[in-house]
Amino acid sequence: MNHTRPLTATQPTAARRTLTRWIAGGLAVAALAGYGPASAQTPIVLQFSHVVTPDTAKGKAALRFKELAESRTGGKVRVEIYPNSQLYKDREELDALRLGAVQMIAPSLSKLASLGGGDFEVFDLPFLFKDRAAFRAAVNGPVGASLLGKLEPHGVKGLAFWDNGFKVFSANRPLQSVDDFKALKVRVQASRVLVSQMKTLGAQASVSPLANVYEALRSGQLDGQENTPTNIETQRLHDVQRHLTVSNHGYLAYAVIVNKPFWDKLPADIRIALEGALHDASVFENSIAGAENTKALEHIKASGKLTVHTATPQELNQWRTALLPVYKEAQGWISVETLRALDALNGPPP
Ligand code: LMR
């Protein structure tokens, strides 16, 4: 893995400034790059923005998609990948997608509530999935299809689910018992379930884009965070934390989504080729995500930069019990149908 602190966009880029103008002016976006039929001279440009480094499972799969899409369309499509929040940070890329300023993104499911109602936050419920297979069963079945369908009225089409894996906690103090979370300022993604999770543990939740987390931890604005080992390693978060607890308390995964008007206007043969490329890139992504996380955790341990504690079954039971109120609170915004469907797949809440 790349051990250089990743570059993130802190200065507004031209594209970001343009997006701001479009948002402010409420302009239609039909004439944006990437629209219109392909010709030999003017390939269709598909811009794919994401917020992690190219050497994560998502980053590698985005590159695999580019390779397959370009070769299978004989160059009629050019895929431009913008990794590591280079173009847009978390929330911005959702706006950019809806406006057509980029055509494809792969945000975490946690960030999709703003597009499809609260139901996507079901995946953030603590200790919901016992293993990776349980998560895949949920997204590969009717629950996954129904959730992606909820994006369409927002001008967004969901095409695939990509894995990352189970999250762990890191902080500048050891995290073992629930009391250790008291008053800790912890970064979470923009999800009410995750905010509720932290509050229920007695911590303060701070919602911020991934691109800001390293600096906030380094400067002491934040005390801790939760993420997968690959995101921790590639964002160098273990350089600015003293303790990590392997808790596997929640799951992080993605939906690959596209701007629907862009997708629907593609010539049928091109769309079919892109769907095939995405299918193969998705199989690849889902096949490497687990091993990438195992490797990243080993690297983090070997770095010796922080103390790594694996939560004991007793500690996890205490956390589980303490977190039960999150399930109740989430009924306020996650539909009964989605909760029931997940229960049926997974067994009742812990
Ligand atoms: C995060 O914001 O921590 C993650 O969603 C980033 C990612 O895309 O894995």
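The values are calculated or read from the model by the stated rules, or taken from the named source; none is laboratory data. For clarity, every value in this text was computed on a predicted model and none was experimentally measured. Cβ coordinates were reconstructed from backbone atoms using ideal geometry, including for glycine residues, and neighbour counts include every protein chain displayed.
For residue 170, work out the one condition from (1) more than 26 Å from residue 120 (Cα to Cα); (2) within 21 Å of the chain's Cα centre (by Cα) it doesn't fulfil.
Going through the list (1) more than 26 Å from residue 120 (Cα to Cα); (2) within 21 Å of the chain's Cα centre (by Cα), residue 170 breaks only (1).
Would you call residue 156 in contact with a helix residue (DSSP H, G or I) (Cβ under 7 Å, 6 or more places away or on another chain) and buried (at least 22 other Cβ atoms within 10 Å of the Cβ)?
yes
Considering each of 263, 319 in turn, give the residue that is closer than 20 Å to residue 180 by Cβ, assigned to a helix (DSSP H, G or I) and aromatic (Phe, Trp, Tyr). Break it down stepwise before answering.
Values: 263 fails: closer than 20 Å to residue 180 by Cβ.
Answer to the selection: 319.
Exactly one of these conditions fails for residue 340: (1) at pLDDT below 95; (2) closer than 27 Å to residue 232 by Cα; (3) among the basic types (Lys, Arg). Give me its number.
Here residue 340 meets the rest and fails (2).
For the stretch 160-235, which helices (runs of 4 or more DSSP H) that fit wholly inside it have 2 or more residues that are in contact with a Pro (Cβ under 7 Å, 6 or more places away or on another chain)? Please lay out each step first, then the result.
Numbers: elements: 192-200, 210-219, 229-234.
Of the helices (runs of 4 or more DSSP H) lying wholly inside the stretch 160-235, those with at least 2 residues that are in contact with a Pro (Cβ under 7 Å, 6 or more places away or on another chain) span 192-200.
With the checklist (1) away from the ligand (no atom under 13 Å from the Cβ); (2) within 16 Å of the chain's Cα centre (by Cα); (3) surrounded by fewer than 24 Cβ atoms within 10 Å (Cβ to Cβ); (4) more than 21 Å from residue 226 (Cβ to Cβ) in hand, flag the one item residue 83 doesn't pass.
(1)
Rundown of residues vs (1) in the same structural domain as residue 277 (by TED's automatic domain parsing); (2) within 19 Å of the chain's Cα centre (by Cα); (3) over 27 Å from residue 310 (Cβ atoms), yes/no style:
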site: 147; (1), (2), (3): yes, yes, yes
site: 151; (1), (2), (3): yes, yes, yes
site: 155; (1), (2), (3): yes, no, yes
site: 180; (1), (2), (3): no, no, no
site: 191; (1), (2), (3): no, yes, no
site: 200; (1), (2), (3): no, no, no
site: 207; (1), (2), (3): no, yes, yes
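Considering only the stretch 236-272, state which residues are surrounded by fewer than 21 Cβ atoms within 10 Å (Cβ to Cβ) and of a type in the set (A, V, I, L, M, F, W, C).
Of everything in the stretch 236-272, those that are surrounded by fewer than 21 Cβ atoms within 10 Å (Cβ to Cβ) and of a type in the set (A, V, I, L, M, F, W, C) turn out to be 246, 263, 268, 270, 272.
Only one residue in 296, 302, 291 is in a helix (DSSP H, G or I), free of Cβ contacts under 8 Å to residues at least 40 places away in the same chain and closer than 19 Å to residue 132 by Cα, so which one is that?
Details: 296 fails: free of Cβ contacts under 8 Å to residues at least 40 places away in the same chain; 302 fails: closer than 19 Å to residue 132 by Cα.
One residue alone meets the criteria, 291.
Report whether or not residue 278 is crowded, with 16+ Cβ neighbours inside 10 Å, more than 30 Å from residue 175 (Cβ to Cβ) and in contact (Cβ under 8 Å) with a residue 60 or more places away in the chain. If you could, list the steps in order and put the result at the bottom.
Working: crowded, with 16+ Cβ neighbours inside 10 Å: yes; more than 30 Å from residue 175 (Cβ to Cβ): yes; in contact (Cβ under 8 Å) with a residue 60 or more places away in the chain: yes.
For residue 278, the condition - crowded, with 16+ Cβ neighbours inside 10 Å, more than 30 Å from residue 175 (Cβ to Cβ) and in contact (Cβ under 8 Å) with a residue 60 or more places away in the chain - is met.
I'm trying to understand the selection: among the residues of the stretch 127-145, which are within 16 Å of the chain's Cα centre (by Cα) and over 19 Å from residue 229 (Cα atoms)? Walk me through it before giving the result.
Pass one, the stretch 127-145, residues within 16 Å of the chain's Cα centre (by Cα): 132, 135-136, 139, 144.
Once the filter is applied, which keeps residues that are within 16 Å of the chain's Cα centre (by Cα) and over 19 Å from residue 229 (Cα atoms), the stretch 127-145 yields 136, 139, 144.
Table: residues versus (1) away from the ligand (no atom under 16 Å from the Cβ); (2) modelled with pLDDT under 95; (3) farther than 18 Å from residue 205 by Cα.
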residue	(1), (2), (3)
107	no, no, yes
112	no, no, yes
121	no, no, no
137	yes, yes, yes
141	yes, yes, yes
160	no, no, yes
167	no, no, no
188	no, no, no
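Of the residues 117, 141, which single one is at positive phi and either of a type in the set (S, T, N, Q) or out of contact with any Ser or Thr (no Cβ under 6 Å at 6 or more places or on another chain) (or both)? Reasoning before the result, please.
Values: 141 fails: at positive phi.
From the options 117, 141, the qualifying one is 117.
Among the numbered criteria (1) surrounded by 22 or more Cβ atoms within 10 Å (Cβ to Cβ); (2) farther than 24 Å from residue 105 by Cβ; (3) assigned by TED's automatic domain parsing to the domain that holds residue 325, which single criterion is violated by residue 172?
(1)
Mind checking whether some residue in the stretch 244-255 is assigned to a strand (DSSP E or B), away from the ligand (no atom under 16 Å from the Cβ), in contact with a strand residue (DSSP E or B) (Cβ under 6 Å, 6 or more places away or on another chain) and not assigned by TED's automatic domain parsing to the domain that holds residue 62? Quick ask: steps written out before the conclusion?
Here is the first cut: in the stretch 244-255, the residues assigned to a strand (DSSP E or B) are 244-246, 251-255.
When the remaining residues are screened for being away from the ligand (no atom under 16 Å from the Cβ), the result is 245-246.
When the remaining residues are screened for being in contact with a strand residue (DSSP E or B) (Cβ under 6 Å, 6 or more places away or on another chain), the result is 245-246.
From the residues that got through so far, the ones that are not assigned by TED's automatic domain parsing to the domain that holds residue 62 too are 245-246.
Yes: the stretch 244-255 contains one or more residues that are assigned to a strand (DSSP E or B), away from the ligand (no atom under 16 Å from the Cβ), in contact with a strand residue (DSSP E or B) (Cβ under 6 Å, 6 or more places away or on another chain) and not assigned by TED's automatic domain parsing to the domain that holds residue 62.
Only one of 215, 233 is crowded, with 22+ Cβ neighbours inside 10 Å and either over 22 Å from residue 324 (Cα atoms) or of a type in the set (Ser, Thr, Tyr) (or both); which?
Working: 215 fails: crowded, with 22+ Cβ neighbours inside 10 Å.
When all the criteria are applied, what remains is 233.
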